[in-house]
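Working notes for the structure below.
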Amino acid sequence: MGSRRGGCCGWLIVALVLALVATAAIVAIMKRKPGGGGGSSRRPKPLPVPGPPGAVDSKYGDSLGVALQFFQVQKAGKLVDNQIPWRGDSALNDGKEAKLDLSKGLYDAGDHMKFTFPMAFTATVLAWSILEYGDQMTAAKQLDPALDGLRWITDFLIAAHPSDNVLYIQVGDPDLDHNCWERPETMTEKRPLTQINAKSPGSDIAAEAAAAMAAASMVFKSTDTTYSDTLLQHAQKLFTFADTYRGISSDTYPKLQNYYNSTGYADELLWAASWLYHATGDQTYLSYVTVENGKAYADWGRPTWFSWDDKLPGTQVLLSRVNFFGSNKASNAENSGLKSYRDTAEAVICGLLPDSPSATGSRTSGGLVWISGWNSLQHATNAAFLYVVYSDYMLTSQTAAVECSGKYFSPTDIRNFAISQANYILGDNPMKLSYLVGYGSNYPQQVHHRGASIPSDVKTGCKGFDYLHSTSPNPNIAMGALVGGPFQNDSFVDLRDNAVQTESSTYNSGTLVGLLAGLVTTSSIAKTFT
């Protein structure tokens, strides 16, 4: 009997050791899994509210400084305190045919077009980033470049809105522009203007411009009240224009369908009204997005992807802020609408966390959220930005968890997923490549970018296509460019002709700046923007 009892104890010890080894292996695997390891069947306790910004994480501080330089690279007009040695003045005559100065603004991507729609989206998310994380940008000594980039866009938006019901939505002819390969400083082709007005509406673009100017008005309120007031006045008039004269810009101008094909304007109207509510405190804007138009326009309960075309996820997170921190004047019906926005924001969260029961399988084996081959990094960047913001709302309000089909995820779980996407971008990926140009020692050398690909002392005329097709590295570094990104198998081909993967865009940079600023350090956020 004694012998058998000893044998059982021995086997029990062996079994316990094996179980511990297996558990340790599982934990190690989960730690290696990008964004993995989170979630619990039991609701966690609220985490402490963070204090002021702490120590700066050098990785995110350094990469934030690099990312902000792309706004300098993309500037049009007469450059002030130019920080990019291979850039110079360009597009100085933009707008002159309408007796306007539309020389400022940012070039769209690797070309020399000014598309107001994605440019305004860039401004909106950049302003949002500053509003949420301006103190963290300050800690990383990067607030001034962010403000400079934002104002260069809003100066253009003010000039592009010369009267209540007119907004210039495009400078340049995309067909002419894309048939040229040249530096912006030497371009000579015609740059016609395209406008929306009461007879040729574009509610999507007008509302996005309204959102940008409303958000920016809060950014500049404490430092330049006159400029802030000007932005807010333009925002209110543009929203009224967008709401009164309904229409989709790419229906009004079918050529836009080849470049920025807007799929609707309802999301932009909600987005703009949400920003105007934050900027003014006017309850009519809150009623607009909840009681009046929530059920018809908001697609409550149906998560989608945040992008220059679809503002619903951004609106859901932005209005969750109101639900988290309260609105004293909101009616029961308005509060019910705010709760629906927050519930949908949490559906967005649950749809992406790798360990959520409702998680999408739409990701690479390296852990990157992946939706399409063209500009694949935009969705991961945009989603991760929203995740950081939402997790900080939770921390500041001491909200313990988000529930995803019976499984609970803490703010730390949500933040860790955002970190996994940021780290993938910065080099923690199967290619061991930083997709942020200028960050790290291994990043794309052949960015699909006209100015970066041509030596600054060379005059090519319109037909400098030898530089497009060259297999040599770019002579100029497009600092801060976030290239399109990998294919679904995590591969990347660094060729200038491979625009699908190597072209960068300004609208990716706005959310990237917000993501990196949110990760620079941990702190509580302000419960109100004003």
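The values are calculated or read from the model by the stated rules, or taken from the named source; none is laboratory data. Owing to the predicted nature of the structure, the values given are computational and were not obtained by experimental measurement. Here the Cβ is made from the backbone with ideal geometry for all residues, glycine too, and neighbour counts use every protein chain on show. All accessible areas refer to the heavy atoms of the entire protein, side chains included, with ligands and DNA or RNA removed. Shrake-Rupley method; radii C 1.70, N 1.55, O 1.52, S 1.80 Å.
Worth pointing out:
- Qualifying residue in the stretch 465-486 (condition: modelled with pLDDT of 95 or more, out of contact with any strand residue (DSSP E or B) (no Cβ under 8 Å at 6 or more places or on another chain) and under 26 Å from CYS350 (Cα atoms)): yes
- Some residue of the stretch 448-455 being aliphatic (A, V, I, L, M) and touching a strand residue (DSSP E or B) at 6+ places or on another chain (Cβ under 7 Å): no
- Qualifying residue in the stretch 43-61 (condition: open to solvent by less than 20 Å² (accessible area, probe 1.4 Å) and at pLDDT 95 or above): yes
- Index of the failed condition, PHE71 passing every other in (1) at pLDDT below 80; (2) touching a Gly at 6+ places or on another chain (Cβ under 6 Å); (3) aromatic (Phe, Trp, Tyr): (1)
- Taking the listed residues THR124, THR138, the one that is farther than 14 Å from ALA209 by Cβ and either at pLDDT 95 or above or in contact with a Ser or Thr (Cβ under 8 Å, 6 or more places away or on another chain) (or both) is THR138, with no other qualifying.
- Only one of VAL520, VAL500 that is open to solvent by less than 10 Å² (accessible area, probe 1.4 Å) and either under 21 Å from ARG183 (Cα atoms) or modelled with pLDDT of 95 or more (or both): VAL520
- Those residues of the stretch 140-192 which are without any contact (Cβ under 8 Å) to a residue 40 or more places away in the chain, within 24 Å of the chain's Cα centre (by Cα) and open to solvent by less than 50 Å² (accessible area, probe 1.4 Å), in sequence order: LEU143
- Of the residues making up the stretch 367-376, those that are of a type outside the set (Val, Ile, Thr) and in contact (Cβ under 8 Å) with a residue 60 or more places away in the chain are GLY367, LEU368, TRP370, GLY373, TRP374, ASN375, SER376.
- Any hit, the stretch 335-353, residues being part of a loop (DSSP other than H, G, I, E, B), more than 28 Å from PRO118 (Cβ to Cβ), open to solvent by 40 Å² or more (accessible area, probe 1.4 Å) and out of contact with any Asp or Glu (no Cβ under 9 Å at 6 or more places or on another chain): no
- Residue list for the stretch 390-435, restricted to those being more than 27 Å from ASP62 (Cα to Cα), free of Cβ contacts under 8 Å to residues at least 60 places away in the same chain and touching a strand residue (DSSP E or B) at 6+ places or on another chain (Cβ under 8 Å): VAL402
- Taken over the stretch 354-366, the criterion of being free of Cβ contacts under 8 Å to residues at least 12 places away in the same chain, assigned to a loop (DSSP other than H, G, I, E, B) and not small (Gly, Ala, Ser) is satisfied by THR360 alone.
- Members of the stretch 296-323 found to be not aliphatic (A, V, I, L, M) and not in a loop (DSSP other than H, G, I, E, B), listed by number: TYR297, PRO313, GLY314, THR315, GLN316, SER320, ARG321, ASN323
- Residues in the stretch 214-231 that are in a helix (DSSP H, G or I), out of contact with any Lys or Arg (no Cβ under 9 Å at 6 or more places or on another chain) and free of Cβ contacts under 8 Å to residues at least 60 places away in the same chain: THR225, THR226.
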